[in-house]
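Each reported figure results from applying straightforward, stated rules to the coordinates on display, with no laboratory input. Note that this is a predicted model, so its numbers are computed, not measured. Backbone-built Cβ (ideal geometry, glycine too); neighbour counts: all protein chains shown.
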Amino acid sequence: MSAWKIMLYSILAGITAWLVFIITSAAGHGIYLPAKLLLPFMMIGAGENGITLPYIIAGLLEFPIYGLALCYRKTRIPVLIIILLAHCIAVFLAIYYSSTYFP
């Protein structure tokens, strides 16, 4: 698969994750588990300080960074394993450090 297709798919995946986050969080009155599963790097910071600008930027750039990492390697399987491992660790941390504001 070409690099531009990978980037396009990663950007579309990021937009989809953000739409799921917006719909399920319901402007602060919904559930946050889908956001913790899809955008864990944004939700890690929500445990203590709320969702602040640096974490919003991390959430916006998460999937495009995954796409960039996959574009610049000939063998994509090791990179994919590292991305999945980092994402799973971030999901664990986002769930572990959840607060009463973002259950």
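General remarks:
- The combined condition, being over 27 Å from Ser2 (Cβ atoms) and either basic (Lys, Arg) or in contact (Cβ under 8 Å) with a residue 24 or more places away in the chain (or both), is fulfilled by Leu93.
- Against the conditions (1) surrounded by fewer than 12 Cβ atoms within 10 Å (Cβ to Cβ); (2) under 18 Å from Leu12 (Cβ atoms), Ile77 satisfies every one except (2).
- Of all the numbered requirements in (1) in contact (Cβ under 8 Å) with a residue 24 or more places away in the chain; (2) exposed (fewer than 15 other Cβ atoms within 10 Å of the Cβ), Pro40 misses one, and that requirement is (2).
- Test: residue in region 10-18 that is free of Cβ contacts under 8 Å to residues at least 24 places away in the same chain, touching a helix residue (DSSP H, G or I) at 6+ places or on another chain (Cβ under 6 Å) and surrounded by 18 or more Cβ atoms within 10 Å (Cβ to Cβ): no
- Looking only at region 64-101, and only at residues there that are assigned to a loop (DSSP other than H, G, I, E, B) and among the small types (Gly, Ala, Ser), the one that is nearest to Lys36 (Cα to Cα): Ser98
- Tallying residues that are within 30 Å of Lys74 (Cβ to Cβ), assigned to a helix (DSSP H, G or I) and among the hydrophobic types (A, V, I, L, M, F, W, C) within region 1-36 yields 10.
- Identity of the residue in region 53-74, exposed (fewer than 12 other Cβ atoms within 10 Å of the Cβ) and of a type outside the set (Lys, Arg), that ends up nearest to Met7 (Cα to Cα): Tyr72
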